[in-house]
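See below for the structure under consideration.
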Amino acid sequence: MPSLKDIKRRIGSVENTQQITSAMRMVSAAKLRRAQDAILATRPYARRMYATLGEIGRREQRAGEALHPLLQQHARQRSLEVLVVTSDRGLCGAFNANAIRAAEAVIEREGAHFERVVVSPVGRKGSEYFARRREVGERVTGIATVSYRDAAQIAEGLIKRYETREVDRVVIVYNEFVSALTQRPNTEPLLPLSVEDEVAAAGAATVPFEIEPDAKRLLDVLLPQALEFAIFRALLENQ
């Protein structure tokens with residue numbers, strides 16, 4: 001039977017552990033709040049940017065101008081690239097499994113229409129899973145805190161592969177944040193960008209505006225940024 005001294009020592013040890021876990025809980029809550037605020041801040045910006053982008057693209061089409069390369073659908077659909085966003089670590093329930101399952105569904109549904117399907121995983125869990133089962137392209141791991149630069153680097157590689165016709169269609173799969181207990185697997189086409197889809201995604205009427213110097217030069221800037229921002233938002237939702 002333990003002595004009174006042992007019992008008091010045990011009580012003190014538990015109280016110390018409680019203080020540590022309480023501090024950890026407060027830090028985790030603050031991180032979650034920052035991540036949630038970042039997501040909520042990007043959504044209105046995304047809607048307005050997509051509405052503007054869609055209106056400019058439609059004006060270019062009405063004017064009979066040649067479509068921007070990122071808007072053009074390739075005549076021959078040979079290669080599909082699936083960008084799958086997961087976490088680097090586990091112990092998060094079905095979070096990664098749901099994203100992986102959604103990616104497999106995309107491959108099953110659309111892969112039959114392509115000669116080649118490549119998976120580009122973002123996150124170690126997705127990389128480990130697909131490395132044993134699919135052809136894996138560019139891998140990105142070790143993103144501790146999401147930055148816009150991470151998204152820009154991923155987008156740069158996608159744009160290069162699409163413009164050189166190494167890939168003919170790009171789809172992204174990620175978990176959309178609903179609440180701390182609910183994350184919804186989401187699938188979105190990335191390339192080719194569709195101006196009609198952008199307007200529909202914005203869900204708001206566009207406001208008349210003038211374009212300077214011209215639609216083509218503006219799209220040269222906006223379209224890559226739209227792709228970067230779509231990936232950035234997916235990374236934030238995942239975080």
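The values are calculated or read from the model by the stated rules, or taken from the named source; none is laboratory data. Given the structure is predicted, the values throughout are model-derived calculations rather than measurements. Every residue, glycine as well, gets a Cβ built from its backbone with ideal geometry; the counts of neighbours run over all protein chains shown. Surface accessibility is based on the protein's heavy atoms, side chains included, excluding ligands, DNA and RNA. Shrake-Rupley method; radii C 1.70, N 1.55, O 1.52, S 1.80 Å.
Observations on the structure shown:
- Yes/no for Ala105 being open to solvent by 30 Å² or more (accessible area, probe 1.4 Å) and not in a loop (DSSP other than H, G, I, E, B): yes
- Taking the numbered list (1) modelled with pLDDT under 85; (2) among the basic types (Lys, Arg); (3) surrounded by 10 or more Cβ atoms within 10 Å (Cβ to Cβ) in turn, Arg62 passes all entries but (3).
Quick grid of which residues meet (1) modelled with pLDDT under 80; (2) touching a His at 6+ places or on another chain (Cβ under 7 Å); (3) at negative phi:
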residue	(1), (2), (3)
Glu156	no, no, yes
Asp168	no, yes, yes
Ala200	yes, no, yes
Leu222	no, no, yes
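- Every test in (1) more than 15 Å from the chain's Cα centre (by Cα); (2) at pLDDT 90 or above is passed by Ala51 save one, and that test is (2).
- Ser87 polar (S, T, N, Q), part of a strand (DSSP E or B) and closer than 30 Å to Ala180 by Cα: no
- Test result for Ala29, at pLDDT 75 or above, closer than 14 Å to Asn238 by Cα, open to solvent by less than 70 Å² (accessible area, probe 1.4 Å) and assigned to a helix (DSSP H, G or I): no
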